[in-house]
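Here is the structure we will look at, set down as structure tokens.
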Amino acid sequence: MTTATVNYHVKSNDVQAFHFDVDGVVGNLISPELVSVKVPVTDIRKKTCSVNFDEDGIIFINSPTQVNAFDESEAWASEYESELAVILQQQIEAKEVIVFDHTVRIDDPNATRRPARNVHNDYSEGGVAKRLVDIIGAQRAREFQQGHFGFVNIWRPVEYKIPSSPLGFICPRSMQADDWMNIELEYPDRKGQILGVAENKAHKWFYQSEMTPEEAIIFNIYDNHGRPHLAHSALDMEGDTTATKPRKSIETRTLVRY
């Protein structure tokens, strides 16, 4: 087990919000207060513990992609999305997969999107209801709500093995209901809501070391039948200062129907 630094949210009686610029890219911290905490982290690769999608909402897989470059043109998107649909059908038994967002992150001060370093989950209950309608419209949203659906992320390294700032997760079974708090997202043209996470010494953190572009993580963000969702954050690991190149990764958000 090793140690990493994460940034937990601090609970407040006031509304907390991230404000974004006109492109929805640069997040300026307006209200949310964060506190840096050192936490012990378990490396899943060492097989000291295991997780599965049904009970923990997450799986680590070996799944090479045929896409070689995730550039801004997104000419690769159609091929990659087809690959992801097959992966989700095979790995979590999704019947329908709708890809609605790709984000390439580079851990560099000059990058447009850097790894998220606040402990969070991408959607709250209220945020899910609004996003579902945004993606598929009110009528189809009602159809999805009558069955079993979820929001699922797929994350993988880009170009080379992750040298620093790996993506880490809190085991859902170590979370308490009052660890979560709503954080508003304010865009020029829309509003959203995520879940921030408060510090709790009982949290059990885990990650997979030295992930390569041939590997990926599938993790649950929301499930209307109660499958656990994952608090997560980039981890600033002890020894990360020795990295000679920045972490590059792509995360894809999907809406799935089971």
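The values are calculated or read from the model by the stated rules, or taken from the named source; none is laboratory data. Not measured: the values here are computed from a predicted model. Glycine also receives a Cβ, built like all others from the backbone with ideal geometry; neighbour counts cover every protein chain displayed. Just the protein is used for accessible areas: all its heavy atoms, side chains included, with ligands, DNA and RNA removed. Shrake-Rupley method; radii C 1.70, N 1.55, O 1.52, S 1.80 Å.
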Report task. With an 8 Å cut-off on Cα pairs and a minimum separation of 6 or more residues, tell me the relative contact order of the chain in percent. Result -> 34
**Report entry** C-alpha center-to-center spacing [region 71-91, region 103-156] in angstrom
**Finding:** 16
Query raised in the report: With point charges of +1 on the Cβ of Lys and Arg and -1 on the Cβ of Asp and Glu, referenced to the Cα centre of region 163-248, which listed residue (G168, Q193, I221) lies farthest in the positive direction of the dipole?
Result: I221
Report summary line: For the chain, dividing by residue count, accessible area per residue (probe 1.4 Å) in Å² works out to 49
Query raised in the report: In the chain, how many lysine pairs have Cα atoms under 22 Å apart, counting only pairs 8 or more places apart or on different chains?
Result: 14
Query raised in the report: Per-residue HN-Hα couplings for region 151-165, Karplus 6.51 cos²θ - 1.76 cosθ + 1.60 at θ = phi - 60°, whole Hz, x for Gly and Pro?
Result: 9, 10, 9, 10, 10, 8, x, 10, 6, 8, 4, 5, x, 6, 6
**Report entry** the chain: calculated mean residue ellipticity at 222 nm from DSSP helix runs of at least 4, using -39500 (n - 2.57)
**Finding:** -5000 deg cm²/dmol
Query - Cα pair distances exceeding 12 angstrom across region 203-254, given as percent - result: 77
